[in-house]
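Asks: Next up is a structure, given as structure tokens.
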Amino acid sequence: MNTKFIAPLGVTLALAFAAPALAQDSGAVDWTGPYVGGSFGYTFQKNDNNEHLRFDANNDGSYDDTIRTSTGANAFSPGTCGGSARGATPAAGCNDDKDAISWMGHVGYDMQFGSLVAGVVAEGGKAYISDSVTEYSTTPAFYTMTRRIDYNGNLRARLGYTTPGGIMPYITGGLAYAKVKNSFATSNGANSFTANDSKEDAWGYTMGGGIEAKVAPNFSIGARYLWTRYNTGDYNVDVGAGTAPASNPFRLTPSGGASINRGDKFDTQSVMVTTSFRF
């Protein structure tokens, strides 16, 4: 994790711990009630250099086959990269995945029980990230699948502990959703390629924690971290004969073609600053 998204978290935590001095109400702090607000921050991804494209060569629905040349060798032996290809061979290099800013709006409700605060919050917004994986064939050629989040949201429970000064650390978790946009690119101009389910509904779960502070009777600021896993896998690309010769590895398969898929997990992490108006 580097300073470009640690900085917003550090600033917000500093503000949060200064909240008692900023608060307009020196009495007991009550978190009970509805609230609306927004958050802004940074979404990033794990290194996925070990991810591979997967192949179904016999139309059995399982992406566990190896595409082979006429000599029986693995046609995709040159390897993979966890990003988008710059050329037809690994030597040309690979562009890193794009981590980027993100924003969300939220609405929620908290109920206070002594020093404990329990609640629920719904969020919706946008993360401007992209995640690619590339496989290289012996042709040579590259095959790149890329996914982006069109929009995303979550429904989370929260459980926090509030101090007399109005600072509340909390843990949170719940259901996550994203509309995922997929795309495919290749330098193979011989075979035909047909994409299916380019936009897919990805459901999953999210968990994390944060800190929130009341800086006025009806206003709070905070920072939070979320780890999210979206379950993907509907997207695939069917490979046909096209103008490729009979010796083409995709034409040598039991089905005379293949379907390409990628991993079924899409993991993201986000660090965000939050603001809420409380009624």
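The values are calculated or read from the model by the stated rules, or taken from the named source; none is laboratory data. Given the structure is predicted, the values throughout are model-derived calculations rather than measurements. Here the Cβ positions follow ideal geometry from the backbone for every residue, glycine too, while neighbour counts run over all protein chains shown. We work out accessible area using only protein heavy atoms, side chains counted, and drop any ligands, DNA or RNA first. Shrake-Rupley method; radii C 1.70, N 1.55, O 1.52, S 1.80 Å.
Asks: I need to check one value: relative contact order of the chain, counting alpha carbon pairs closer than 8 Å and at least 6 residues apart, in percent.
Replies: 24 percent
Asks: Would you grab the residues whose amide H sits under 5 Å from the one on Ala216? Only those 5+ places off in sequence or on another chain, please, with H modelled 1.01 Å from N.
Replies: Result for Ala216 returns Gln24.
Asks: While we're looking at this one, here's another question. Under 5 Å between amide H atoms, partner at least 5 residues away or on a different chain: which partners does Ala100 have, H built in plane at 1.01 Å?
Replies: Residues meeting the amide H criterion: Thr43.
Asks: Based on the Cβ-Cβ distance from Phe113 to Phe279, what FRET efficiency comes out when R0 is 22 Å, to the nearest 0.05?
Replies: So the FRET efficiency works out to roughly 0.70.
Asks: Now for a different question. Sort His106, His52 from largest to smallest accessible area, using a 1.4 Å probe on the heavy atoms of the protein chains.
Replies: Output order, biggest surface exposure first: His52, His106.
Asks: Applying the Karplus parametrisation 6.51 cos²θ - 1.76 cosθ + 1.60 with θ = phi - 60° to the phi angles of region 90-104, what ³J(HN,Hα) value in whole Hz is obtained for each residue in order, glycine and proline being reported as x?
Replies: Values per residue, Gly and Pro as x: x, 5, 6, x, 9, 7, 5, 5, 9, 8, 7, 5, 8, 9, 8 Hz.
Asks: On to the next question. Checking the a/c ratio against 1.5 first, then a/b against b/c, what shape does the Cα gyration tensor give for region 59-118?
Replies: prolate
Asks: Once the Cα atoms of helix 3-17 and of the chain are each reduced to a long axis, what angle between those two axes, in degrees from 0 to 90 to the nearest 10, is obtained?
Replies: 20 degrees
Asks: Please give the net charge around Pro34, taking every other residue with its beta carbon less than 10 angstrom from that of Pro34, where Lys and Arg add +1 and Asp and Glu add -1.
Replies: Around Pro34, the surrounding residues sum to 0.
Asks: Counting Lys +1, Arg +1, Asp -1, Glu -1, what net charge surrounds Asp201 among other residues with beta carbon under 12 Å of its beta carbon?
Replies: Surrounding charge for Asp201 is -1.
Asks: Considering only C-alpha atoms, what is the centroid distance from region 164-195 to region 39-87, in Å?
Replies: Each part's Cα centre sits 17 Å from the other's.
Asks: Run the helix sum for the chain: -39,500 (n - 2.57) per DSSP H stretch of 4+ residues, divided by residue count, reported at 222 nm to the nearest 500 deg cm²/dmol.
Replies: About -2000 deg cm²/dmol.
Asks: What is the chain by shape, rounded, prolate or oblate, if you read a ≥ b ≥ c off the alpha carbon gyration tensor as root eigenvalues and call it rounded for a/c under 1.5, prolate for a/b larger than b/c, and oblate otherwise?
Replies: Cα axes put the chain in the prolate bin.
Asks: Springs between alpha-carbon pairs under 10 angstrom, Gaussian network model over the chain: which of Asp96, Asp197, Asp60 fluctuates most?
Replies: Between Asp96, Asp197, Asp60, it is Asp60 that shows the largest mean-square fluctuation.
Asks: For the chain, report the accessible area per residue in Å² (1.4 Å probe, heavy atoms, rounded to an integer).
Replies: 45 Å²
Asks: Which ³J(HN,Hα) values in Hz, rounded to whole numbers, follow from the phi angles of region 244-260 under the Karplus curve 6.51 cos²θ - 1.76 cosθ + 1.60, where θ = phi - 60° and Gly and Pro get x?
Replies: Karplus-based 3J(HN,Hα) across region 244-260 equals 5, x, 4, 7, 4, x, 5, 7, 8, 6, x, 9, x, x, 6, 10, 10 Hz.
Asks: Taking 7 Å along the Cα-to-C-beta vector as the label spot, tell me the Thr71-Tyr128 distance in nanometres, rounded to one decimal.
Replies: 4.8 nm
Asks: Using a 1.4 angstrom probe on the protein heavy atoms only, line up Ser192, Ser70 by accessible area, largest first.
Replies: Ser70, Ser192
Asks: Once phi is turned into ³J(HN,Hα) by the Karplus curve 6.51 cos²θ - 1.76 cosθ + 1.60 with θ = phi - 60°, what whole-Hz value does each residue of region 35-41 show in order, with x for glycine and proline?
Replies: These are the phi-based 3J(HN,Hα) values: 7, 9, x, x, 9, 9, x Hz.
Asks: What order do Trp31, Trp103, Trp203 take when sorted by accessible area (1.4 Å probe), most exposed first?
Replies: Trp203, Trp103, Trp31
Asks: Cα gyration tensor of region 33-188, axes a ≥ b ≥ c as square roots of the eigenvalues: rounded (a/c below 1.5), prolate (a/b > b/c) or oblate?
Replies: prolate
Asks: Further, regarding this structure: Amide H neighbours of Asn236 under 5 Å, at least 5 residues apart or on other chains, H built in the peptide plane: list them.
Replies: Asn196
Asks: If you don't mind, another one. Label Asn196 and Leu159 with points 7 Å out from Cα along Cα→Cβ: what is the distance between them in nm?
Replies: 4.3 nm
Asks: Modelling each spin label as a point 7 Å along the Cα-to-Cβ direction, I'd like the Asp234/Phe40 distance in nm, to one decimal.
Replies: Those two pseudo-labels are separated by 3.3 nm.
Asks: For region 84-104, list residues with backbone N below 20 Å from a point placed 7 Å from the Cα of Ala185 toward its Cβ?
Replies: 84-101
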